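The structure appears right after this line, and notes come after that.
The values are calculated or read from the model by the stated rules, or taken from the named source; none is laboratory data. Please read all numbers here as calculations on a predicted model, not as lab measurements. In this analysis, Cβ positions are derived from the backbone assuming ideal geometry, glycine residues included, and neighbour counts consider all displayed protein chains.
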């Protein structure tokens with residue numbers, strides 16, 4: 001028993017894009033089992049086959065949803081193979097995702113006794129008991145994730161009824177920024193719609209610096225509070241609303257200005273100046 | 001009388017894109033007449049002015065929605081001209097679309113006595129009786145489709161009250177793959193977000209082959225079960241979750257690899273090897 | 001007291017795009033305070049940092065929503081600086097937006113005594129009284145706009161409880177087309193998904209012409225009723241469903257054909273022919 005009371009809300013995070021009806025079909029399957037579900041698109045434009053990016057955003061986003069929300073994340077290059085699907089109760093919410101590292105960081109951060117995650121590997125026999133039959137080879141979002149999300153959100157079942165408990169899973173694939181005597185070394189996790197470069201460097205990792213200097217693409221950037229603290233066209237770094245270091249260009253795209261992509265190195269050190 | 005009981009769900013399929021407020025405005029019109037409508041976006045990124053593509057996806061998608069769902073499809077290069085709008089009760093669901101071939105295949109496949117479609121051509125006089133006045137010349141999605149969908153989904157009217165019954169309409173514009181002694185000849189109907197090439201060749205058309213070989217762009221591709229059955233970068237064919245032949249590139253884009261577009265020929269034959 | 005009765009509907013207009021979870025997170029915050037909110041995306045692909053474009057579409061769209069709808073518009077290059085946020089009751093609806101000109105035209109057109117806008121500048125102290133604390137420096141959509149929208153839509157408060165009444169604000173940043181003896185001079189406000197060029201020239205400004213001729217990019221275009229009134233590939237002008245002049249290319253993109261961008265000049269004059 002997780003003791004969670006479902007909020008009736010289901011969020012969807014995928015790399016399906018919105019060009020095709022894949023997301024709409026998932027919603028149809030959800031409504032067929034749970035007609036009053038409230039379904040929220042978190043994003044469907046995760047970089048294709050990038051579970052790390054999906055996991056990063058999901059881990060930074062779930063807290064803004066009511067307790068008992070069901071978060072479905074389908075970034076799943078292994079669909080149709082033997083990879084498992086995990087169903088986790090953690091942080092007071094439910095999570096459904098392939099066991100490919102997407103949930104790793106999120107589960108690793110749910111370690112206090114009160115918040116320890118309860119994780120289950122979905123099993124075909126258990127699913128069959130709820131009328132979820134053998135899936136297609138290529139669209140488990142429709143065939144498994146959607147109906148399971150509806151079951152959980154409608155309180156028709158608890159995770160432990162859907163498979164076998166487990167306490168191992170793929171670790172998170174977002175690397176953690178490291179701190180040593182030279183400063184902090186991290187990387188760009190994702191690039192947003194505005195061209196802002198979002199890193200894995202936590203705001204808390206900057207606490208010890210007196211005059212921090214951010215280094216990226218051989219440039220030294222000042223650390224500011226918000227976009228309006230620099231002039232149009234200027235590059236700056238800031239701790240963003242998700243509590244990680246971000247590099248931005250005022251009224252422009254830092255991704256274009258610096259020609260950086262996901263994975264590129266970013267450092268923070270004490271300014272010599 | 002169609003005998004259908006509305007599910008309260010309305011799906012939307014358009015080529016309007018999401019850059020402009022057109023889709024949002026349609027939803028406003030729906031909620032103004034039916035405040036508890038549950039509205040699902042099937043897709044708004046159908047290739048511009050491609051009713052065949054919209055019809056293909058709608059025909060493959062509606063089955064995942066509850067009986068009595070209202071499916072609205074507005075891919076309508078003839079808006080404002082004399083083309084009619086069809087309202088059909090078929091397959092246990094409602095469909096609204098311009099009479100431009102979009103619904104042709106879907107209606108042709110609803111031919112059993114139990115599932116025979118009941119189709120009506122909307123008429124201005126009938127619509128006026130429900131408070132739907134003369135439309136603008138360019139946005140019938142807002143002025144006709146949205147309020148009619150709200151009427152149907154809220155059980156405020158039946159299709160026969162909206163116009164005149166008809167048993168002819170534009171045939172489907174998706175061609176059907178043909179089978180002869182050489183094998184099966186079809187074409188690419190649409191290309192999805194992942195660059196997968198989706199054809200009009202039904203999985204059932206492959207039943208007679210012992211060792212099928214898929215030919216596209218002068219390449220011979222193996223038929224596999226799922227993406228994980230080939231190595232990263234490899235091209236393969238499979239029968240996808242919509243029961244049609246699809247050509248994919250593992251962790252890549254088949255559309256880019258093969259430089260193929262919608263309409264390109266795809267063949268299946270018995271392998272000589 | 002505004003005397004408005006909330007419809008329970010909230011619309012969202014932003015330049016956030018749909019690649020990242022920003023919009024989904026706003027919806028989570030709304031549902032956390034108002035679980036039965038019906039949230040409609042008007043558009044999230046306003047040109048980045050273009051409040052004028054957002055204001056244009058919002059002013060042309062709100063009328064299609066029920067009275068008492070809450071319209072949230074976050075195109076906000078000044079986030080985190082001293083710019084204010086406005087909450088207006090006007091035209092029988094609620095509007096929330098930064099004071100950067102976005103609402104200027106919309107409010108200027110609500111001037112009759114019955115429709116006079118009641119406008120408030122949000123104040124931190126007032127927000128704190130409703131549990132809305134100090135915001136992050138970069139994401140007021142999540143930290144202020146979403147919870148305030150939920151308060152208004154759920155009738156938990158009235159605008160005057162959220163701040164201080166004001167009767168001045170930034171004027172609208174969409175210029176108005178002017179009429180003189182030479183004809184009408186306007187410009188392109190936005191370009192839609194189809195490549196149609198949408199201008200600030202009102203349909204009513206064309207009333208005095210006998211044989212109007214539309215001039216753009218050194219071309220003379222005929223004024224027609226709808227797209228079907230010209231041949232495929234031809235350019236034409238029409239008064240669109242939003243009552244403004246639009247330049248279109250039948251089955252093509254006028255933006256591509258004419259190589260015009262936002263801001264480009266468009267004129268209408270009496271044809272000499």
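Restricting attention to segment C:11-29, which residues are over 25 Å from residue A:93 (Cα atoms) and either more than 7 Å from every other protein chain (Cβ to nearest Cβ) or touching a helix residue (DSSP H, G or I) at 6+ places or on another chain (Cβ under 6 Å) (or both)? Please lay out each step first, then the result.
As a first pass, look at segment C:11-29 and keep what is over 25 Å from residue A:93 (Cα atoms): C:11-17.
Across segment C:11-29, the qualifying residues are C:12, C:13, C:14, C:15, C:16.
Would you mind stating whether residue A:214 is more than 29 Å from residue C:82 (Cα to Cα) and modelled with pLDDT of 95 or more? Write out each step before concluding.
Values: more than 29 Å from residue C:82 (Cα to Cα): no; modelled with pLDDT of 95 or more: yes.
Criteria not met by residue A:214.
Read through the list (1) part of a helix (DSSP H, G or I); (2) within 7 Å of another protein chain (Cβ to nearest Cβ); (3) buried (at least 24 other Cβ atoms within 10 Å of the Cβ), then give the number of the only condition that residue A:61 fails.
With respect to (1) part of a helix (DSSP H, G or I); (2) within 7 Å of another protein chain (Cβ to nearest Cβ); (3) buried (at least 24 other Cβ atoms within 10 Å of the Cβ), residue A:61 is out only on (3).
Restricting the search to segment B:132-167, which residues are surrounded by fewer than 21 Cβ atoms within 10 Å (Cβ to Cβ), in contact with a strand residue (DSSP E or B) (Cβ under 8 Å, 6 or more places away or on another chain) and assigned to a helix (DSSP H, G or I)?
Once the filter is applied, which keeps residues that are surrounded by fewer than 21 Cβ atoms within 10 Å (Cβ to Cβ), in contact with a strand residue (DSSP E or B) (Cβ under 8 Å, 6 or more places away or on another chain) and assigned to a helix (DSSP H, G or I), segment B:132-167 yields only B:160.
Of the residues C:41, C:45, only one is under 25 Å from residue B:12 (Cβ atoms), touching a helix residue (DSSP H, G or I) at 6+ places or on another chain (Cβ under 6 Å) and surrounded by fewer than 24 Cβ atoms within 10 Å (Cβ to Cβ); which? Walk me through it before giving the result.
Values: C:45 fails: touching a helix residue (DSSP H, G or I) at 6+ places or on another chain (Cβ under 6 Å).
None of the others qualify; the one that does is C:41.
Take the residues of segment A:80-98 that are assigned to a loop (DSSP other than H, G, I, E, B) and within 14 Å of chain B (Cβ to nearest Cβ): which is surrounded by the most Cβ atoms within 10 Å (Cβ to Cβ)?
First, pick out the residues of segment A:80-98 that are assigned to a loop (DSSP other than H, G, I, E, B): A:80-84, A:91-92.
Add one more test, that the residue is within 14 Å of chain B (Cβ to nearest Cβ), and what stays is A:80-84.
On the way: A:80: 20, A:81: 14, A:82: 6, A:83: 16, A:84: 18.
By that ranking, first place goes to A:80.
Considering only segment B:90-115, state which residues are free of Cβ contacts under 8 Å to residues at least 60 places away in the same chain, more than 19 Å from residue B:79 (Cβ to Cβ) and in contact with a strand residue (DSSP E or B) (Cβ under 8 Å, 6 or more places away or on another chain). Before the answer, list the steps.
Let us first name the residues in segment B:90-115 that are free of Cβ contacts under 8 Å to residues at least 60 places away in the same chain, namely B:90-91, B:95-98, B:109-115.
Filter once more, keeping what is more than 19 Å from residue B:79 (Cβ to Cβ): B:90-91, B:109-115.
Scanning segment B:90-115 gives B:90, B:110, B:115.
Testing residue C:66 on (1) within 14 Å of chain A (Cβ to nearest Cβ); (2) in contact with a helix residue (DSSP H, G or I) (Cβ under 6 Å, 6 or more places away or on another chain); (3) at pLDDT 95 or above; (4) part of a loop (DSSP other than H, G, I, E, B), one condition comes back false. Which one is that?
Of everything listed in (1) within 14 Å of chain A (Cβ to nearest Cβ); (2) in contact with a helix residue (DSSP H, G or I) (Cβ under 6 Å, 6 or more places away or on another chain); (3) at pLDDT 95 or above; (4) part of a loop (DSSP other than H, G, I, E, B), residue C:66 misses just condition (1).
Being within 16 Å of residue B:28 (Cβ to Cβ) and free of Cβ contacts under 8 Å to residues at least 24 places away in the same chain, is that true of even one residue in segment C:24-32?
Filtering segment C:24-32 for residues within 16 Å of residue B:28 (Cβ to Cβ) gives none.
The answer is no; no qualifying residue exists.
Of the residues B:260, B:245, which single one is buried (at least 16 other Cβ atoms within 10 Å of the Cβ), more than 14 Å from chain A (Cβ to nearest Cβ) and under 12 Å from residue B:197 (Cα atoms)?
Details: B:245 fails: more than 14 Å from chain A (Cβ to nearest Cβ).
From the options B:260, B:245, the qualifying one is B:260.
Criterion first (part of a strand (DSSP E or B) and within 12 Å of chain B (Cβ to nearest Cβ)) does residue A:45 satisfy it?
Numbers: part of a strand (DSSP E or B): no; within 12 Å of chain B (Cβ to nearest Cβ): yes.
When the stated conditions are applied, residue A:45 does not pass them.
Go through (1) surrounded by fewer than 23 Cβ atoms within 10 Å (Cβ to Cβ); (2) more than 9 Å from chain A (Cβ to nearest Cβ); (3) not in a loop (DSSP other than H, G, I, E, B) and name the single condition residue C:32 misses.
For residue C:32, the exception is condition (2).
From C:51, C:77, which residue is within 10 Å of the chain's Cα centre (by Cα), within 14 Å of chain A (Cβ to nearest Cβ) and on the phi < 0 side of the Ramachandran plot?
The conditions single out C:51.
Show me the strands (runs of 3 or more DSSP E) entirely contained within segment A:176-232 in which 1 or more residues are within 19 Å of residue A:59 (Cα to Cα) and in contact (Cβ under 8 Å) with a residue 24 or more places away in the chain. I'd like the intermediate steps shown before the answer.
Numbers: elements: A:178-180, A:183-191, A:197-202, A:212-216, A:219-224.
Of the strands (runs of 3 or more DSSP E) lying wholly inside segment A:176-232, those with at least 1 residues that are within 19 Å of residue A:59 (Cα to Cα) and in contact (Cβ under 8 Å) with a residue 24 or more places away in the chain span A:183-191, A:197-202.
Report, by residue number, each residue of segment C:218-239 that is away from every other protein chain (no Cβ under 14 Å), over 14 Å from residue C:271 (Cα atoms) and modelled with pLDDT under 95.
Matches in segment C:218-239: C:218 only.
What number of residues in segment B:99-120 are farther than 20 Å from residue B:47 by Cβ and part of a loop (DSSP other than H, G, I, E, B)?
So in segment B:99-120, the residues farther than 20 Å from residue B:47 by Cβ come out as B:107-120.
From the residues that got through so far, the ones that are part of a loop (DSSP other than H, G, I, E, B) too are B:109-112, B:116-117.
Here the count works out to 6.
Tell me which of these residue A:17 doesn't satisfy, since it passes every other one: (1) crowded, with 23+ Cβ neighbours inside 10 Å; (2) without any contact (Cβ under 8 Å) to a residue 40 or more places away in the chain.
(1)
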